[in-house]
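Quick note: the coordinates plus some simple rules give every number you see, no bench work behind them. All of these numbers come straight from a predicted model, not from anything done at the bench. In this analysis, Cβ positions are derived from the backbone assuming ideal geometry, glycine residues included, and neighbour counts consider all displayed protein chains.
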Amino acid sequence: MAYPAPPSTPYSRLWRRLLEPGFEKLRGKRIGEVTALLEQSQSWDLARLQDWQWSQLGKLLAWAKDKVPYYQDWFSQNRLEAREVVEQRDLSLLPLVDRDLVSARPELFRAAPLPAGSIQKNTGGTTGAPMRLKLDPYSNDWRTAVTRRGYGWAGAHNGNRMLMVWSTDLIPPSPQALRKRRLHHLLLRLHNVSYMNILSPADADLVMRSVDRFKPLAIVTYPSAAEVFCQRALDTGWRPRHKPFGVITGAETLFPHQREMLSQVMQCQVFQTYGSREFMLTGCECQAHDGMHVSEENLMLEILDGERPQGPGQLGEVVITDLHNFAQPFIRYRIGDMASWHSWEVCSCGRAHRRLGQVEGKVVDMIQAPDGSKLTGHFFPHLLKDFDAVERYQVVQQNLESVTIRLKLRSRLEDGERDYILNKFREFLPGVEPTIQEVDEVEIAPTGKIRTVIGLGSSSQPKQAGADQ
Ligand SMILES: [Zn+2]
């Protein structure tokens, strides 16, 4: 590789080479074998990566045709054999699906029977439509291994000190679960700072104190959170006593001014990532900082205008096929983001994985209280993901004292559920009174995207950079 390897400590090497693989093998996980493959495939050329994708897709389509009701019907009605889909132009023969379609009849998109050990994940997402998805254990191992590799490019190897400024549980875990998690984090050398409502200046200081005390080699955060604590650092003149190797941003679009603030304050490289709850890490920057490499071993990503594949620099709709989730195959799934390819050239890091350039994805507003404290829009997917009745949501702040939680419901919301939502909000942002409003449809922006949280105006959402998303 053309860039020096990120730093790693003796403990991190011991953890990653010996302890972690041992624990995972005992638990029946196959992360080690995927990690080994992902290590090797970094030197594959694009043709070899694509051969791999087609071989995996063939297995997935054959499985879907055999076990998944929606595809059983589709293949029989369209008289197509899974083995006939063998090259790029054949992909357009397969149907596009989206969250509305899958959420309306989830059982049609799940394998029957589910692979042993399949788990359920609930996603509130930042698209405003909560969804439940099934995941088989091997696919989960793939996601873990892909994330570890991508984060590793930024120095966030397990066992290296890592600070997460991220959202946390709304409901405190049981004491036993908490003890287990603390031990796990201790072994991983992972330190968490909750980013839900730490947005007052005094709370932002907590991030800086954590950086100085914990001395992380890598920091993982939302761009909007970074902007808050970086602004505080710039105002107070704070700089880290120990420079991290990298800051990883995720879950939102990273704007250039946020990247600049982060590198100025933390005095290190900034690595943008792109992902979703449906697919986890989808794209990740390397040390070249020249686009985000797609996790091509795990996902097949298309950028389309209608059914027409877009070339480098042409904005289009992101459509993803997960090559390894056999519990609930996501085949040509319209994730709801727009993006463009960066370039087809091999990156200066030497990896042939294609790179995403611009991603017009998630922009998350904040809700403000009269005393200056703020609540991140990431709070709402966490709050609403477990309510079956909620089909879509949108949160609108009209003034500093009140906020309306608009809900499109698929069934009645029980009184207890309604009170829970209102009280949780009051708990996290005192001083702003929430109201629930049932609506037939939520507001769609001119770009066709639903803005899930509309704040009074956030500096993370500059008007010239996709304010209407
Ligand atoms: Zn690269």
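Judged by the mean number of other Cβ atoms found within 10 Å, the most tightly packed of the peptides 220-233, 420-433 leads the ranking 220-233, 420-433. Here the chain is treated with +1 on each Lys and Arg Cβ and -1 on each Asp and Glu Cβ, and its dipole about the Cα centre works out to around 1820 debye. Relative contact order, whole percent, for the stretch 296-413 stands at 15, derived from Cα pairs under 8 Å and 6 or more residues apart. With both residues required to sit in the chain, DSSP beta bridges show an antiparallel share near 60%. Each peptide in 385-393, 22-30 gets a packing score, the mean of other Cβ atoms within 10 Å over its residues, and the list from highest to lowest is 385-393, 22-30. Couplings for the stretch 309-323, taken from phi via the Karplus curve 6.51 cos²θ - 1.76 cosθ + 1.60 with θ = phi - 60°, read x, 8, x, x, x, 9, 6, x, 7, 7, 10, 10, 10, 8, 6 Hz in order; Gly and Pro are left as x. Converting phi to 3J(HN,Hα) with the Karplus coefficients 6.51, -1.76 and 1.60 and the offset θ = phi - 60°, the stretch 187-196 yields 5, 6, 6, 10, 10, 10, 10, 5, 10, 10 Hz in sequence order, with x at every glycine or proline. When each of the peptides 406-413, 139-146, 434-441, 336-343 is scored by the mean number of other C-beta atoms lying within 10 Å of its residues, the order from highest to lowest reads 139-146, 336-343, 406-413, 434-441.
Extension gain, residue 427 to residue 19, is 142.9 nm, computed as 0.36 nm per intervening residue step minus the present C-alpha separation. Here the 3J(HN,Hα) profile of the stretch 364-379, calculated from phi with Karplus coefficients 6.51, -1.76 and 1.60 at θ = phi - 60°, is 10, 7, 10, 9, 10, 10, x, 7, x, 6, 9, 10, 5, x, 5, 4 Hz, Gly and Pro shown as x. For residue 272, what residues show an amide H to amide H distance below 5 Å, using hydrogens built from the backbone and excluding near sequence neighbours? Correct list: 249, 285.
Across the chain, Cα pairs under 8 Å and at least six residues apart give a relative contact order of 16 percent.
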